[in-house]
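Working notes, beginning with the structure itself.
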Amino acid sequence: MIMLTAISRPISGWPVIILLIWAVLVCCQGCGGGANGNPPPPPPPPVTGLNKIDHIVFIIKENRTFDTYFGTFPGADGATTGVNSTGQVIPLGRAPDKTPYDLGHGFTDAVTAINGGKMNQFDLVKNGNVNGYLLPYTQMTETDIPNYFTYAKKFVLADRMFSSLTGPSFPNHLYTVAATSGGVISNPHRPDGTVDKAWGCDSDSTTTVRVLDSQGHLSLQYPCVDFQTLADSLESAGVSWKYYAPPQGQPGYVWSTLDAIRHIRLGPLWQSKVVSDTLFVQDAQSGNLPAVSWLVSGPTSEHPPDSTCLGENWTVQQLNAVMNGPLWNSTAIFLTWDDFGGFYDHVAPPTLDQYGLGPRVPLLIISPYAKSGFISHTQYEFSSFLALVETRFKLKPLTERDSKANPMVDSFNFDQNPLPALTLSQRTCP
């Protein structure tokens with residue numbers, strides 16, 4: 001059962017009209033296993049060779065589409081031109097390392113940009129066209145993100161990885177731990193529209209999120225939710241885990257998603273299993289990573305307007321720690337970005353339910369058993385991470401989403417000689 005801790009209130013304004021139209025176009029299919037009285041789905045069947053992976057790491061960064069980062073990658077389904085709201089075909093320009101501003105990437109922005117699958121209204125998102133500058137229609141090349149391209153060439157790049165929800169960070173991060181957002185479709189905001197420095201049970205008492213229920217009704221509710229997560233499944237099964245994130249008061253604390261899960265934030269697991277992101281390198285180097293790790297960061301998250309180069313350097317530091325540590329040969333790392341950030345992508349996301357899928361985001365799968373130089377065209381979403389963990393550790397799915405999500409095992413070859421570590425150098429940033 002999904003519970004939220006505040007009384008809902010009706011909301012008004014033109015975005016609601018768009019949201020309601022969107023809601024009636026699709027039916028709810030992913031509201032959770034067992035929620036309708038049916039028994040929960042059984043655990044996924046075992047996969048031969050997956051037991052060679054004892055450590056699974058999810059690194060979740062911020063706000064980029066596949067075309068923004070890998071649209072020029074050879075052999076991948078990328079684009080170097082886009083279409084705007086007037087039907088004009090526009091060459092994707094050079095994306096700056098630091099953007100001049102953030103782009104609109106809320107639920108209504110995403111619905112507008114996708115435009116029923118036409119993928120031609122990214123210039124209509126907030127700040128999408130500023131005095132003729134079309135920031136959404138920009139992208140990086142190998143020169144700009146050489147280390148990410150190197151990982152893609154050596155390991156696996158997935159070009160059918162979609163964000164789980166048609167919208168922004170907060171609900172998509174909830175999918176990375178629970179294969180649902182509990183109906184949440186927005187980031188937390190105060191009544192004056194400003195963003196709180198904490199997203200979840202530490203939010204200001206006036207902070208709310210938009211919640212869309214299965215009947216298409218919208219309400220405002222406090223962003224402290226309570227439903228089961230993968231962390232709970234792991235804990236019950238005796239499988240070790242940690243959530244590495246910036247601590248309270250530090251930039252990036254808003255992406256410490258378990259802060260939004262009431263029974264975790266207000267229970268003993270918050271003190272023992274939710275730890276500082278700065279400890280990840282230490283744990284990796286010393287061989288003390290748990291079986292399952294989530295890792296998010298603050299100013300190095302690549303969230304616009306922050307530097308992509310600094311973010312890539314941070315990522316290299318984390319991956320070098322794993323590769324140079326004693327656990328490399330038993331580890332699988334999934335490096336992804338949480339939502340489209342307002343940037344262009346040419347592939348229309350499939351509709352699974354009224355919440356998503358959202359636009360494509362990059363995904364790199366890095367492991368000794370990843371297929372070297374492989375481009376996966378299999379449909380993935382954040383629930384695929386959960387499906388992989390549930391398959392590996394024989395856990396029951398949490399919702400319909402992770403029960404049906406592809407667990408990404410097609411990107412591995414457990415019979416191959418393990419790939420060696422690939423230690424890369426950090427770059428000098430502009």
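The values are calculated or read from the model by the stated rules, or taken from the named source; none is laboratory data. Fair warning: this is a prediction, and the values are worked out from it, not measured in the lab. Positions of Cβ are generated from backbone atoms using ideal geometry, with glycine treated the same way; all protein chains shown enter the neighbour counts. When the accessible area is computed, the model is the full protein with side chains, heavy atoms only, and any ligands, DNA or RNA have been set aside. Shrake-Rupley method; radii C 1.70, N 1.55, O 1.52, S 1.80 Å.
How large, in percent, is the carbon and sulfur part of the accessible surface of the chain at a probe radius of 1.4 Å?
53
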message = Let me see the P(r) profile for the range 110-179: every Cα-Cα distance counted, bins of 5 Å, each bin given as a percent of all pairs.
response = 3, 13, 13, 17, 20, 21, 11, 2, 0
message = Can you give me the accessible area per residue for the chain, using a 1.4 Å probe, in Å²?
response = 37
query = So which aspartates and glutamates pass the test for Lys154, namely a Cα distance under 13 Å, with those fewer than 8 places away in the same chain ruled out?
reply = none
remark   = Relative contact order in percent for the chain (Cα pairs under 8 Å, 6+ apart) equals 29
remark   = Taking only protein heavy atoms and a 1.4 Å probe, the highest-to-lowest accessible-area order of Leu92, Leu352, Leu388 is Leu352, Leu92, Leu388
task = May I have the pair-distance distribution P(r) for the range 43-151, computed from all Cα-Cα distances with 10 Å bins from 0 and rounded to whole percent?
result = 12, 37, 27, 14, 9, 1
request  = Report the accessible area of Asp213, computed with a 1.4 Å probe over the heavy atoms of all protein chains in place, in Å² rounded to the nearest 10.
outcome  = 50
Cβ-based charge dipole, the chain, positive-most Cα from Ala113, Ala237, Ser272 = Ala237
inquiry  = Restricting to DSSP H runs of at least four residues, report the calculated mean residue ellipticity at 222 nm for the chain, -39500 (n - 2.57) per run over all residues, nearest 500 deg cm²/dmol.
reply    = -6500 deg cm²/dmol
request  = Report the extension gain between Lys98 and Lys118 in nm, rounded to one decimal, defined as 0.36 nm multiplied by the number of residues separating them, less their alpha carbon distance.
outcome  = 4.3 nm
query = Rounded to whole Å and sorted largest first, what semi-axes of the equivalent ellipsoid does the C-alpha gyration tensor of the range 356-395 yield via the square root of 5 times each eigenvalue?
reply = 18, 18, 7
task = Of the listed pairs Lys242/Lys394; Lys153/Lys273; Lys273/Lys396; Lys153/Lys242; Lys61/Lys394, which have alpha-carbon separations greater than 25 Å here?
result = Lys153/Lys273; Lys153/Lys242; Lys61/Lys394
inquiry  = Working only with C-alpha atoms, what are the Rg and Dmax values of the chain, expressed in angstrom?
reply    = 20.1, 58
message = Output wanted: per-residue J couplings in Hz (rounded whole) for the range 338-354, from phi through Karplus 6.51 cos²θ - 1.76 cosθ + 1.60, θ = phi - 60°, x for Gly and Pro.
response = 7, 7, 6, x, x, 7, 6, 8, 8, 8, 5, x, x, 9, 9, 6, 6
ask   = Looking at the chain, which longest stretch skips every one of the trypsin sites (Lys or Arg not before Pro) that is in a DSSP loop with at most 12 other Cβ atoms within 10 Å, leaving the sites themselves out?
value = 119-393
query = Just how large is the dipole of the chain about the Cα centre, in debye to the nearest 20, putting +1 at every Lys and Arg Cβ and -1 at every Asp and Glu Cβ?
reply = 320
message = Please list, ordered by chain and number, the residues whose modelled amide H lies under 5 Å from the amide H of Asp339; skip anything fewer than 5 residues away on the same chain.
response = Asn63, Arg64
note = Nearest-0.05 FRET efficiency for Ser372 and Leu279 at R0 = 35 Å, using Cβ-Cβ distance, is 0.70
